[in-house]
Each structure stands twice: as structure tokens, then as C-alpha cells.
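Comments concern the structure below.
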Amino acid sequence: MACRLESTREILGSVSLATTDWCGVLGIERPDLAAVKDHRDANTYAQLLVALLERGEPMTLAQVAARFEEAGIAPRDRALRSLQRCQPGRAPVYRDGDHYGLDPHDDDVGLWVFRLGLTSSAQRMSARSFARSRSRPIGCASPSSARRKKA
């Protein structure tokens with residue numbers, strides 16, 4: 001029995017990740033890179049994620065650099081150098097040849113989407129209420145109910 005490593009394209013066969021609606025899987029609207037470029041958490045890697053979400057299909061680093069230039073982030077040559085240095089092939093981004101794609105099912109992509117404010121306001125509110133509900137150990141009274149008991 002011969003064993004060989006298969007590329008992502010061979011494994012997927014005729015099903016292409018390029019046809020996957022990454023934003024639909026994440027439950028977000030298609031983002032605009034120009035609108036996110038000045039966000040405090042928008043480093044080169046985060047901007048790469050947004051460019052991939054915006055395009056909706058795998059891109060080469062040269063294509064991403066061109067999009068960075070269009071969005072007013074940096075000149076193409078400087079953007080390409082920054083993209084090459086930011087370790088672009090780490091999760092949730094994957095590399096297939098010269099193209100970089102996005103795994104929308106990776107837990108990290110959801111964190112980046114949240115950090116960059118790309119989620120809907122309803123999703124942000126539910127995440128905040130969940131975080132508040134988990135901020136104290138289960139079975140502990142809320143601070144307001146503890147004050148009422150003292151009075």
C-alpha cells in the first residue's frame with residue numbers, strides 16, 4: 001500500500017474552497033478593507049484576513065499587496081514585504097501553492113472577526129452578555145444581590 005501526501009486541491013477534488021462563502025459561514029457581511037485599515041487591532045496579518053474575506057476566494061500575496069495599495073494601507077512593494085514577514089500561512093490562513101485561503105471553521109478566525117468589529121451588533125451583544133455571565137463562578141450571587149442581602 002503506497003502512501004503519499006495529497007495537496008488540498010487533490011483532497012477536495014471538484015469542490016473548491018474558492019466557491020465557499022466564507023462570510024456566510026461566519027455569519028457576517030462582506031467587510032471592506034479600507035474601513036478596517038485604521039482599527040487598533042488591524043496589523044498586517046489581520047488585514048490579510050480581511051482582504052481574503054472581502055475577496056471571498058484564495059489570493060496570492062501579490063494580489064493582497066495590490067489590494068492593500070488600493071485601500072491606502074501601503075505602497076505595493078512595502079505591503080508585499082510586510083505580508084511575507086507576517087507568517088501568512090498560519091491558521092486560520094492556509095497556503096496552497098502561491099495562493100492563501102481562509103478556513104472559516106477555525107476558531108481563530110472567529111476571534112479575529114470579533115476583535116476587528118466585523119460581527120453584527122446582535123452578535124457582539126450576545127458575546128458580551130455571555131462574557132458577563134461567565135465573569136463570576138457558577139453559584140455565586142451577583143454583586144447587586146449581595147448588597148441587597150446586607151441591607
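Structure notes:
- Candidate set: segment 13-34, residues that are buried (at least 16 other Cβ atoms within 10 Å of the Cβ) and more than 15 Å from ARG115 (Cβ to Cβ); chosen: the one modelled with the highest pLDDT: LEU33
- Residues in segment 35-53 that are without any contact (Cβ under 8 Å) to a residue 40 or more places away in the chain and either crowded, with 19+ Cβ neighbours inside 10 Å or in contact with a His (Cβ under 9 Å, 6 or more places away or on another chain) (or both): GLN47, ALA51.
- Members of segment 93-116 that are out of contact with any strand residue (DSSP E or B) (no Cβ under 8 Å at 6 or more places or on another chain) and assigned to a loop (DSSP other than H, G, I, E, B): GLY97, PRO104, HIS105, ASP106, LEU116
Yes/no per residue for (1) closer than 26 Å to ASP107 by Cβ; (2) over 16 Å from the mean Cα position of the chain (by Cα):
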{"residue": "ALA46", "(1), (2)": "yes, no"}
{"residue": "ALA65", "(1), (2)": "no, yes"}
{"residue": "ARG85", "(1), (2)": "yes, yes"}
{"residue": "PRO88", "(1), (2)": "yes, no"}
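- Within segment 117-135, not a single residue is assigned to a helix (DSSP H, G or I), at pLDDT 95 or above and basic (Lys, Arg).
- Filtered residue count, segment 52-92, keeping only those that are among the β-branched types (Val, Ile, Thr), outside any helix (DSSP H, G or I) and under 20 Å from HIS39 (Cα atoms): 1
- Pairs linking a residue in segment 85-101 that is among the hydroxyl-bearing types (Ser, Thr, Tyr) to a residue that is at pLDDT below 95 and loosely packed, with under 14 Cβ neighbours inside 10 Å, with Cβ atoms under 9 Å and 6 or more positions apart or on different chains, are TYR100/GLY89.
The values are calculated or read from the model by the stated rules, or taken from the named source; none is laboratory data. Just so it is clear, the model here is predicted, and its values are computed rather than measured. Cβ coordinates were reconstructed from backbone atoms using ideal geometry, including for glycine residues, and neighbour counts include every protein chain displayed.
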